[in-house]
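The values are calculated or read from the model by the stated rules, or taken from the named source; none is laboratory data. What you are looking at is a predicted structure, and each value in this text was computed from that prediction instead of being measured. Please note: Cβ atoms are built from the backbone with ideal geometry, for glycine as well, and neighbour counts cover all protein chains shown.
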Amino acid sequence: MRVLHLGKYYPPAPGGIETFTAILAREQAANGDVAVVLAHAAERRWRTVQRNDGAVVVREVGRLGQLAYAPLSPAFPLQLQHCIARHRPDLLHIHVPNTSAFAALLVPAARRLPWVVHWHADIPLDSASRLLRFAYPFYRPWEQALLRRADAVIATSAAYRDASHALARWRDKTVVVPLALGDASVPEMGSPLWPAGKRRLLAVGRLSHYKGFDVLLDSMVSLPDFALVLIGGGEREMALREQIQQRGLQERVRMTGQVDDAFLQQAYAQAEIFCLPSLDRAEAFGMVLLEAMRAGLPCVASAIAGSGVGEVVAAGQSGLLVPPGDAAALSAALGTLGNDAILRERLGHAGRLRWREHYRPAAVSAATREVYEQATAHRAAAARAG
């Protein structure tokens, strides 16, 4: 099968959606499919550039900038038309949220193909961004038109599907397929990333409000035996650095910014506990949880209603869940793990088994292929009906 993925960005651009798109496209190409990804350039530039990621063709469209997380890319519709003409896909796999994906509604060649819309997340209307809340009424008609035209929709968890207002009208054609993560290369251990004699706590993610890293820093005040390495960059970096100073955590918290994969794998290999303290459903799944489980780390995460986090981390089996935004509960859960080596080992081992059994690329790619077949059959039936 020839598949054209429409994405927002592509690795090495960071992000869970970007990482998964690459994992799925690589798995499809390894299975003999033609996998092409049309996405935006991570940096601002006019020019469109095509490159290869192994057997995956990646075409990155130039963009003028970004507005409320939306890339400004006037050339995207023309590039979509170009990709369809050149690569002759059998199906469009559209990853959203991504405003440029609406180009599929306007390009006749795209409308003739079967569509699978991969619903990674709702637009977070409880976001701190006023611009995002203001823009959503203009975004929603396009979002719903995309879902209406889709032959099948993929949600990453049953909890997210059932809680999504945007998907409510389309649940009869929504299929749950989780995200996936493949094996990691064996890291070089290098020099220690944590100070000696401290519990080694790791957190990874974009430094955005919804990630709850400010709550994690508050919890660190009552955990003097813990040291934290926080990996990631984003708009909250300066505020978090100021919080570290105000709380007197300079000796026990290290912020690294964005790092390369070798450093990241070294951090997972050296850590003892992983934490994802996100606050709301903007954390739809938590790819970093799969990375931590793959490394055999016990996880402490937020029990977010309507998010897939609670499906990824099986509470009490592969990790601990706490109420979002509750620094005292987070501190207590981390302290429990810090004081119980046997519990850390048991949860970490169970998490690794859970990743191997449920979140491997081969199984997820096979499930996605079944969705493709349903979408293709639906489009053929619609064409016959006229």
Query raised in the report: In the stretch 206-219, which residue that is part of a helix (DSSP H, G or I) and without any contact (Cβ under 8 Å) to a residue 60 or more places away in the chain is farthest from Leu193 (Cα to Cα)?
Result: Asp214
**Report entry** Cβ pairs under 6 Å, 6+ apart, first in the stretch 44-60 and free of Cβ contacts under 8 Å to residues at least 40 places away in the same chain, second small (Gly, Ala, Ser) and assigned to a loop (DSSP other than H, G, I, E, B)
**Finding:** Arg45/Gly62; Trp46/Gly62; Arg47/Gly62; Thr48/Gly62
Query - Residue check, Leu201 farther than 28 Å from Ala104 by Cβ and crowded, with 21+ Cβ neighbours inside 10 Å - result: yes
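Let's see how each residue does on (1) touching a Cys at 6+ places or on another chain (Cβ under 6 Å); (2) over 30 Å from Leu167 (Cα atoms); (3) modelled with pLDDT of 95 or more:
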{"position": "Gln265", "(1), (2), (3)": "no, yes, no"}
{"position": "Ala284", "(1), (2), (3)": "no, no, no"}
{"position": "Asp326", "(1), (2), (3)": "no, no, yes"}
{"position": "Leu334", "(1), (2), (3)": "no, yes, yes"}
{"position": "Arg346", "(1), (2), (3)": "no, yes, yes"}
{"position": "Ala350", "(1), (2), (3)": "no, yes, yes"}
{"position": "Arg360", "(1), (2), (3)": "no, no, yes"}
Query raised in the report: Of all residues in the stretch 26-55, which are buried (at least 19 other Cβ atoms within 10 Å of the Cβ), of a type in the set (A, V, I, L, M) and assigned to a strand (DSSP E or B)?
Result: Ala35, Val36, Val37, Leu38, Ala39
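Just for helices (runs of 4 or more DSSP H) wholly inside the stretch 249-367: which have at least 2 residues that are surrounded by fewer than 24 Cβ atoms within 10 Å (Cβ to Cβ) and within 17 Å of the chain's Cα centre (by Cα)?
Ranges flagged: 261-270, 287-294, 309-312, 341-358.
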Query raised in the report: Is it true that Arg344 is touching a residue at least 24 places away in the same chain (Cβ under 8 Å), out of contact with any Gly (no Cβ under 6 Å at 6 or more places or on another chain) and in the same structural domain as Cys299 (by TED's automatic domain parsing)?
Result: yes
Query raised in the report: Is it the case that the stretch 231-241 has a residue that's at positive phi and outside any loop (DSSP other than H, G, I, E, B)?
Result: yes
Query raised in the report: Just one of the numbered conditions (1) touching a residue at least 24 places away in the same chain (Cβ under 8 Å); (2) within 21 Å of Leu330 (Cα to Cα) is not true of Arg241; which one?
Result: (1)
Query raised in the report: Given the conditions (1) among the basic types (Lys, Arg); (2) closer than 20 Å to Val288 by Cβ; (3) over 20 Å from the mean Cα position of the chain (by Cα), and given that Arg206 satisfies all but one, which numbered condition is not satisfied?
Result: (3)
**Report entry** Residue among Ala184, Ala168 that is closer than 29 Å to Ala152 by Cβ and either surrounded by fewer than 17 Cβ atoms within 10 Å (Cβ to Cβ) or more than 20 Å from the chain's Cα centre (by Cα) (or both)
**Finding:** Ala168
**Report entry** Among (1) of a type outside the set (Asp, Glu); (2) surrounded by fewer than 19 Cβ atoms within 10 Å (Cβ to Cβ); (3) at pLDDT 95 or above - the single one Pro137 does not satisfy
**Finding:** (3)
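Pick from the stretch 39-55 the residues that are basic (Lys, Arg) and modelled with pLDDT under 95: which of them is nearest to Ala29 (Cα to Cα)?
Applying the first criterion (basic (Lys, Arg)) to the stretch 39-55 yields 44-45, 47, 51.
Now narrow it down to the ones that are modelled with pLDDT under 95: 44-45, 47.
Numbers: Arg44: 29, Arg45: 28, Arg47: 26 Å.
That would be Arg47.
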Query raised in the report: Across the stretch 56-71, which residue is surrounded by the most Cβ atoms within 10 Å (Cβ to Cβ) among those that are among the aliphatic types (A, V, I, L, M) and closer than 16 Å to Cys83 by Cα?
Result: Val61
Requested in this report: Just name the residue that is farthest from Asp280 (Cα to Cα) out of those in the stretch 141-193 that are modelled with pLDDT of 95 or more, in contact with a Phe, Trp or Tyr (Cβ under 7 Å, 6 or more places away or on another chain) and assigned to a helix (DSSP H, G or I).
Outcome: Arg149
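Just for strands (runs of 3 or more DSSP E) wholly inside the stretch 56-102: which have at least 3 residues that are at pLDDT below 95?
65-67, 70-72
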